[in-house]
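I have a structure I would like to understand better, so I am pasting it below and will then ask my questions one at a time.
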Amino acid sequence: MATSQKNAGSGTDGGEFAPSTWIDTSNIVSSNNQYSVVALSSSANYDISNTLKADQFGFDIPSLASIDGIVCTVERKASAASTIVDYTVRILKNGSPVGTDKAATSTFWSTTEGDVSYGSPTDLWGTSWYASDINNSNFGFQIRCEYVPGYSGSSASVDLMYITVYYTLNNLKFGTTSVANIYYGNTSIKSIYYGSTRIS
């Protein structure tokens, strides 16, 4: 199994509620303690954040690859303990949310910055994938978070959003049948490469 990991190339705010806007969304493209931040409170329309969307990852998965799993990671923190939880975490196929919502709605965001991952090396998020879906510039994921009242308010900060894709290139297939031997004339080809990656 091979892997490819990329940071988001772009971050945008979804614009659901004007008071719950993520600011400085371009800060999610690198881990440098420069944050995209949303301020939340129990006031009207302030308790659930807008969508923070990450895309433009720039993957270049080989076209013959089978996608095994996808892990989406957020480097994040909350300004106050026991105040912020996930509301939704969705993966994006060609810019649209698909599959399973991975939000951990009962787990508070830590006040110490750290990476939190969703999915696994064998998790396809409840949908199917081709390499072209991953390589699409609109492939990505998005998050929303929720304020749990207890303080006068809290803020959520995201430093980086990145994705790791797990894929397999071990078997060439014709339809659903594995190709056991490939010949050039009468000579059996022992190894096949996609760029510098051995695929058979």
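The values are calculated or read from the model by the stated rules, or taken from the named source; none is laboratory data. Quick caveat: nothing in here was measured; it's all calculated off a predicted structure. Note that each Cβ is placed from the backbone with ideal geometry, even for glycine, and that neighbours are counted across all protein chains shown. Heavy atoms of the whole protein, side chains included, go into the accessibility calculation; ligands, DNA and RNA do not. Shrake-Rupley method; radii C 1.70, N 1.55, O 1.52, S 1.80 Å.
Sort the following peptides by mean Cβ neighbour count (other Cβ atoms within 10 Å, averaged over residues), highest first: 88-96, 130-138, 159-167.
My ranking of the peptides, most packed first, is 159-167, 88-96, 130-138.
Under a crude label model (7 Å from the Cα following the beta-carbon direction), how far is SER31 from THR164 in nanometres?
1.1
On the protein heavy atoms, probe 1.4 angstrom, tell me the percent of accessible surface of region 3-93 carried by carbon and sulfur.
42
Quick check on packing: order 25-34, 140-149 by the mean number of other C-beta atoms within 10 Å, highest mean leading.
Highest to lowest by the protection proxy: 140-149, 25-34.
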